[in-house]
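Visitor: Supplied in structure tokens, the structure appears directly below.
The values are calculated or read from the model by the stated rules, or taken from the named source; none is laboratory data. Keep in mind that this is a model prediction, so the values were computed, not measured. All Cβ positions, glycine included, derive from the backbone under ideal geometry; neighbour counts span all protein chains shown. With ligands, DNA and RNA removed, areas are computed over all heavy atoms of the protein, side chains included. Shrake-Rupley method; radii C 1.70, N 1.55, O 1.52, S 1.80 Å.
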Amino acid sequence: MAGAQYLWDFGGGVGAANYLGEMGGQELTRRDFVVDMKLSQTRSTEYVFARYRFNQYFAAKATLAHLTIKGADSLSTNAGRVGRNLSFRNNMFELNAQAQFFFYEVNDLGHTYRYNNNFRAYVGGGVGGVYHNPKALYQDEWVKLRPLMTEGKKYTKVTAVLPVSAGFYFTIKKQHRVGWDITWRTSFSDYLDDASTTYADPSAMSSDPLASILANRTDELAPGTIPGGQIPSYWPGEKRGDPTHRDSYISTSVEYSYVIRGKSSIYRSKYSSLFKGKKYKRRKVRAKF
């Protein structure tokens with residue numbers, strides 16, 4: 001009889017999330033990947049997942065995650081960004097599916113010859129979707145920015161993302177997996193932070209008075225706040241964001257999952273027909289002494 005296989009595991013993870021977009025950064029204009037990220041704006045992520053291992057090298061993983069990202073121009077050293085004075089927070093829900101490739105493994109940790117514990121490292125990539133709703137803090141209240149159309153556009157709440165990941169996990173006693181994962185997502189939207197193109201004419205925004213207030217917050221700055229002392233001009237049509245770069249975000253987390261033990265494919269193909277369509281009954285034999 002073929003032995004059991006451990007193809008499915010179910011679990012979750014917790015960790016930290018950050019974003020790269022129009023807000024934050026150093027003195028230069030926007031740079032890609034993690035260079036412009038502000039660690040002080042790091043927030044949390046929590047998620048659950050299911051993974052199916054096809055063979056020794058490949059697996060598929062589906063994840064449902066909640067992430068929070070945040071950014072503020074006040075943390076930048078770029079005079080234009082500081083003068084723009086925008087900020088946001090976005091609580092997001094993401095569903096993604098990834099293929100994982102295991103490029104390194106140790107099948108018998110400790111050389112016990114029982115194969116109870118192992119180690120695997122992987123890289124992955126896939127596709128997903130994220131529901132997002134950016135907000136800005138105004139007079140101690142978080143205000144939804146999307147309905148205000150601060151740039152004269154009403155973008156969608158759901159956008160596609162392309163996640164890429166790397167990580168590893170230890171399997172302990174064949175059924176408990178503890179690991180670490182880092183995932184970078186490139187989104188198809190440039191409005192995770194509500195800033196993308198140019199300043200809009202107030203007539204193109206929502207009729208809500210908060211629209212024009214939160215579209216241009218330069219007047220809220222205290223004197224001497226902007227490096228160099230020069231207040232940039234923010235008239236309609238002038239640059240408010242950078243549409244040549246989509247927003248992206250990253251998470252790093254620790255994971256735990258429980259492995260489900262199932263019969264191997266050889267066992268199923270050989271024995272499943274014996275019980276198909278009828279209930280199996282144990283044969284009773286009278287004991288003889």
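Visitor: Taking 0.36 nm per residue of sequence separation and subtracting the Cα-Cα distance, how much length would be gained by fully extending the chain between Asn55 and Ser207, in nm to one decimal? Kindly include the intermediate steps, with their values, before the conclusion.
Guide: Details: separation 152, 0.36 × 152 = 54.72 nm, distance 5.74 nm.
Separation in residues times 0.36 nm, less the Cα-Cα distance, equals 49.0 nm.
Visitor: Can you send over the solvent-accessible area of Met23, 1.4 Å probe, protein chains only, in Å² to the nearest 10?
Guide: 10 Å²
Visitor: Can you tell me the order of 197-209, 165-177, 67-79 when each peptide is scored by its average per-residue count of other Cβ atoms within 10 angstrom, highest first?
Guide: 67-79, 165-177, 197-209
Visitor: Report ³J(HN,Hα) in whole Hz for each residue of the range 246-257, in order, from the Karplus equation J = 6.51 cos²θ - 1.76 cosθ + 1.60 where θ = phi - 60°; Gly and Pro get x.
Guide: Calculated HN-Hα couplings, in order: 6, 6, 9, 8, 9, 9, 9, 7, 9, 10, 9, 8 Hz.
Visitor: Between Trp8 and Thr156, how many nm apart are label points set 7 Å from Cα along the C-beta direction?
Guide: 3.2 nm
Visitor: Just to verify a number: FRET efficiency for Ile231 and Thr197, C-beta to C-beta distance, R0 = 25 Å, to 0.05?
Guide: Step by step, r from the Cβ atoms, then E = 0.70.
Visitor: Tell me, what is the percent relative contact order of the range 84-134, built from C-alpha pairs under 8 Å that lie six or more residues apart?
Guide: Computed value for the range 84-134: 48 percent relative contact order.
Visitor: Also: First measure r as the distance between the Cβ atoms of Ala97 and Ser40, then evaluate 1/(1 + (r/R0)^6) with R0 = 30 Å and state the FRET efficiency to the nearest 0.05.
Guide: 0.40
Visitor: Across the range 171-179, in residue order, what do the Karplus-derived ³J(HN,Hα) couplings come to in whole Hz, using 6.51 cos²θ - 1.76 cosθ + 1.60 with θ = phi - 60° and x for Gly and Pro?
Guide: 9, 10, 6, 6, 10, 10, 10, 10, x
Visitor: A follow-up question, please. For each pair in Lys144/Lys239; Lys38/Lys154; Lys135/Lys157, compute the distance between the two Cα atoms and list the pairs where it is over 20 Å.
Guide: Lys144/Lys239; Lys38/Lys154
Visitor: So if we plug the beta-carbon distance of Gln139 and Asp242 into 1/(1 + (r/R0)^6) with R0 = 41 Å, what FRET efficiency do we get, rounded to 0.05?
Guide: The formula returns an efficiency of 0.90 here.
Visitor: How much accessible surface area, in Å² rounded to 10, belongs to the heavy atoms of His111 with a 1.4 Å probe?
Guide: It works out to around 140 Å².
Visitor: Rounded to the nearest whole Å², what accessible area per residue is found for the range 138-182 with the 1.4 Å probe? Spell out each step's value before the answer.
Guide: Values: 2490 Å² over 45 residues.
Result: 55 Å² per residue.
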